[in-house]
Amino acid sequence: MTITRRTFLAGAAAAAAVGAPRATTAADPVSPLPSAHRTRFAVSTYSFWQFKNSALRDVEKCIDMAAEMGFDGVELLLRQFAEEAADPGYLQRLKRRAFLNGLDLCGFSTHQGFVYPDKAERQKNIDLTNYQTELAYQMGIPTMRINTGRWNTSKDFDELMKNRGIEPILKGYTEEDGFKWVIDSLAQCVKTAEKCGVVLGLENHWGLGLTPEGVLRIVDAIKSPWLQVTMDTGNFLEDPYDRLEKLAPKTALVQAKTYFGGGLWYSLDLDYDRIAKMLKKHNYKGYVSLEFEGKEDPKTAVPKSLALLRKAFAA
């Protein structure tokens, strides 16, 4: 039989009519989207290095280990590669390394401080923070941990930890002065954050970030979607749970501390089942990033920490 163009088109139309799915109408039932959310886990490169383990300082090696241990992402600690960060090629190698390992670069942990009477010193830290934000942008990292800074009246960090993170206010100034300096400084930093698409996460840390009220006072004063909270589960040394919950509604990244082998400065017996339930109550869907701060070998303690967190957040 000779197939003409007309018979071919007619046959094709008939086949399409038979095989095509029926168009849905408003009355058709719609399958609901899955409601379950799988928590994703990252590990900070600090967990391997801890400012002291020279054999595990290599960030690329840390990325490889994170993948081998089964993490979903990596949080980079800038101080771990501060010298190399000036090389744009190095930053892109880190991004490539994470991509080939199937990992997100999900967080960037930086240091700065704005609790200085000297305006020039505050400006230096504003410029530093903006530079760090640009680094995060170059690596495609969506959120960056920042600090308020502190009064620097402690002799050193060991003394600060001995005093449970509390230190005297600089003579001649008040806490109100400190909050004004931080708020005015971060109001300038959020402009660069918005331009780069990087969410700044103010951590509950030492200094003016020692309490949830202090962190939220700053975040609420600036009122920018580009300034949120980095919640550190290990930085409230007493009665942590109610304090952590105050931060939960504005949390962009959770840093989860563990202390296998005993803590480097202190140990907390954190109830991660309780923390996980609290975060779910507040509909937190972001990364949980491990910061291992114990004395056990990270090669054994980090996988144990991941197993602990997975169990708690799967409950």
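The values are calculated or read from the model by the stated rules, or taken from the named source; none is laboratory data. The structure presented is a predicted model; accordingly, all values stated were derived computationally and were not measured. FYI the Cβ positions are ideal-geometry reconstructions off the backbone, even for glycines, and counts take in every protein chain you see.
Structure values in brief
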| quantity | calculated |
| --- | --- |
| All positions within the range 130-160 that are among the hydroxyl-bearing types (Ser, Thr, Tyr) and either under 22 Å from VAL182 (Cα atoms) or out of contact with any helix residue (DSSP H, G or I) (no Cβ under 7 Å at 6 or more places or on another chain) (or both) | TYR131, THR133, THR143, THR148, THR153, SER154 |
| Whichever residue in the range 244-258 is more than 14 Å from the chain's Cα centre (by Cα) and of a type in the set (D, E, K, R) and, among such residues, is farthest from MET278 (Cα to Cα) | LYS246 |
| Which listed residue is out of contact with any Gly (no Cβ under 7 Å at 6 or more places or on another chain), touching a residue at least 12 places away in the same chain (Cβ under 8 Å), of a type in the set (S, T, N, Q) and surrounded by 17 or more Cβ atoms within 10 Å (Cβ to Cβ), from THR233, THR211 | THR233 |
| Close pairs (8 angstrom Cβ cut-off, 6 or more residues apart or separate chains): among the basic types (Lys, Arg) in the range 110-134, part of a helix (DSSP H, G or I) anywhere | ARG122/TRP181; ARG122/ASP184; ARG122/SER185 |
| Single unsatisfied condition, SER185 versus (1) in contact (Cβ under 8 Å) with a residue 60 or more places away in the chain; (2) surrounded by fewer than 19 Cβ atoms within 10 Å (Cβ to Cβ) | (2) |
| Residues of the range 139-163 satisfying the condition of being of a type in the set (D, E, K, R) and either without any contact (Cβ under 8 Å) to a residue 60 or more places away in the chain or surrounded by 12 or more Cβ atoms within 10 Å (Cβ to Cβ) (or both) | ARG145, ARG150, LYS155, ASP156, GLU159, LYS162 |
| From THR129, THR148, residue being touching a Cys at 6+ places or on another chain (Cβ under 9 Å), farther than 26 Å from PHE71 by Cβ and polar (S, T, N, Q) | THR129 |
| Subset of the range 223-243 (residues that are of a type in the set (A, V, I, L, M, F, W, C) and either over 20 Å from the mean Cα position of the chain (by Cα) or within 18 Å of TYR259 (Cα to Cα) (or both)) | MET231, PHE236, LEU237 |
| Hits in the range 229-270 (condition: touching a His at 6+ places or on another chain (Cβ under 8 Å) and farther than 16 Å from ILE218 by Cα) | ASP232, ASN235, GLU245 |
| Some residue of the range 16-39 being at pLDDT 95 or above and surrounded by 11 or more Cβ atoms within 10 Å (Cβ to Cβ) | yes |
| Close pairs (9 angstrom Cβ cut-off, 6 or more residues apart or separate chains): over 11 Å from VAL254 (Cβ atoms) in the range 265-283, at pLDDT below 95 and of a type in the set (Asp, Glu) anywhere | TRP265/ASP158 |
| Residue list for the range 47-77, filter: in contact with a helix residue (DSSP H, G or I) (Cβ under 7 Å, 6 or more places away or on another chain), touching a residue at least 24 places away in the same chain (Cβ under 8 Å), assigned to a helix (DSSP H, G or I) and crowded, with 19+ Cβ neighbours inside 10 Å | SER47, PHE48, TRP49, LEU56, VAL59, ILE63, MET65 |
